[in-house]
Amino acid sequence: MSRGVLIAGNWKMNLNHLEAIALVQKIAFSLPEKYFAKVEVAVLPPFTDIRSVQTLVDGDKLKLRYGAQDVSRYDSGAYTGDISGPMLAKLGCSYVTVGHSERREYHGETDEQVNAKVKAALKHDIAPILCVGEPLAVREAGEHVAHTTDQLIAGLKGCKTDQLTKVVLAYEPVWAIGTGRVATPADAQEVCGALRARLAEKYGAEIAGDMRILYGGSVKSGNIGDLVKQDDIDGALVGGASLDAEEFTKLCAMA
Ligand code: PEP
């Protein structure tokens, strides 16, 4: 088992490329260089910012990683508005979120489409951050574990076993995203533990033990510490708090 902590900031549809440069500079220079040997920090800006972030990271040899928020299932072609794996790979993206609940809800993304995007990312050596999580009604019905483990298995369907440890999972209960209502560490651990157990059942304990599982949903500097203390939580996918350099670096420092 060789899992390291990952803190990934999902900027969603916020910040133009100039604002992105300013935020990345603040984050990179607020954290001491040795910090990055302990915790991996990534930012996931909108597509329009990625080239600027790449130039900054490469030029200043920053330890920060970066990625995108979506990827097409196709490599190229008549898919207006979409961005492909080869394009993201050329921009040096390490990560891409796939199946975020906002894309499932506002773009109608199905498990089948999410699965195709996971494979597209892996094909181009980009680590997919596969997001799963239940809406409030599912949790209230007590079906959150079944719901998220089903999303997990559907999302990974047909992936090559030797690529699985590159996949990062993010458990993001829909009711906790952007609401200020964070899952308790015990509730988050219940689901993250169940996800790992399901991975072990399907792919074996070694692969399951090597895969990173993040928690996402109203993570802040004040709650990250107790979340990452849980056995099966290896970091966080952070939305709102990743847009504020001071809060995000504080959060990273507490992880
Ligand atoms: C997210 O968008 O993935 C997220 C977890 O958002 P927030 O931290 O704002 O709840």
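Only helical DSSP H runs with n ≥ 4 go in: add -39500 (n - 2.57) per run for the chain, normalise by residue count and round the 222 nm mean residue ellipticity to 500 deg cm²/dmol.
Working: 12 runs with 114 residues, N = 255.
Here the helix-only value at 222 nm equals -13000 deg cm²/dmol.
So how strong a dipole does segment 162-246 carry about its Cα centre when Lys and Arg Cβ are +1 and Asp and Glu Cβ are -1, to the nearest 20 debye? Write out the running numbers ahead of the final one.
Working: 8 positive and 13 negative charges, 31 e Å.
Dipole of segment 162-246, to the nearest 20 debye: 140 debye.
Which FRET efficiency value, to the nearest 0.05, is calculated for Ala253 and Glu112 with the Förster distance at 35 angstrom and r the Cβ-Cβ distance? Spell out each step's value before the answer.
On the way: r = 40 Å, r/R0 = 1.14.
My answer for the efficiency is 0.30.
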Segment 203-255 - charge dipole about Cα centre, Lys and Arg +1 at Cβ, Asp and Glu -1, debye rounded to 20: 140 debye
Environment charge of Leu214, counting only residues whose C-beta is closer than 9 Å and scoring Lys/Arg +1, Asp/Glu -1: -1
Spacing of the two label points (7 Å from each Cα toward its C-beta) at Ser76 and Asp244, in nm: 4.4 nm
Cα centroid separation, segment 218-232 to segment 21-76 (Å): 22 Å
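Give me the compactness ratio for segment 93-173, meaning the Cα radius of gyration over 2.2 N^0.38 Å.
1.06
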Dipole of the chain, positive end: most advanced residue of Ser76, Val145, Gln230 [Cβ charges, Cα centre]: Ser76
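About the Cα centre of the chain, what is the dipole size in debye to 20, counting +1 per Lys and Arg Cβ and -1 per Asp and Glu Cβ, all else neutral? Before the final figure, lay out each step's value.
On the way: 28 positive and 33 negative charges, 120 e Å.
My answer is approximately 580 debye.
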Overall form of segment 6-103 per C-alpha gyration tensor (a/c, 1.5; a/b vs b/c): prolate
Pairs from Lys61/Lys123; Lys34/Lys117; Lys157/Lys229; Lys157/Lys250; Lys90/Lys157 whose Cα-Cα separation, in the structure shown, is over 28 Å: Lys34/Lys117; Lys157/Lys229; Lys157/Lys250
Per-selection Kirkwood Rh - segment 5-254 (Cα, Å, 1 d.p.): 18.0 Å
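Given an 8 Å cut-off on Cα distances and at least 6 residues of separation, report the relative contact order of segment 5-254 as a percent.
On the way: 475 pairs, mean separation 48.3, N = 250.
After rounding, I find 19 percent.
Bear in mind these aren't lab numbers, they're just calculated from the coordinates by the rules spelled out. The structure displayed is predicted, hence computed values, not measured ones. Reconstructed Cβ throughout: ideal geometry from the backbone, glycine too, with neighbour counts over all protein chains shown.
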